[in-house]
Amino acid sequence: MPPKGASTKLQPMRLPPLPKLRVRRPNQTDANPCLVLMSSVLTCWASSGYTAAGCAALETQLRACMDAPRPKTVKKNTINYHLSRMYPNIIGPRKRK
């Protein structure tokens, strides 16, 4: 509750004077799904030797992952386009110099 005599009207939120709004790196690329299998194979080889029979299952999984077709490209995120388009409406009119 505001103190006596104080206005109860909310102050509008002001954005800092920025030349443009941007979201940093909106198109994060997914990590390679075969990366985990590759590190598992390398760890297996390091611990038990290159020609170890215990690593054969991991090697076949890695080969299957590498031979699988790549997923289709994901559409690019358009958040920065819409932010730059709507920014003049958010900040309101500017003073001319």
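What follows is calculated from the coordinates using simple rules that are stated; it is not laboratory data. If you're wondering where the values come from, they're calculated on a predicted model, not measured in any experiment. Using ideal geometry, Cβ is built from the backbone for each residue, glycine included, and neighbour counts are taken over all protein chains shown.
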At a Förster radius of 22 Å, what calculated FRET efficiency corresponds to the Cβ-Cβ distance of ILE79 and ASN32, to the nearest 0.05?
-> 0.35
The ³J(HN,Hα) series, computed from each phi in segment 79-86 with the Karplus coefficients 6.51, -1.76 and 1.60 at θ = phi - 60°, rounded to the nearest Hz and given as x for glycine or proline, is 4, 5, 4, 6, 5, 5, 6, 8
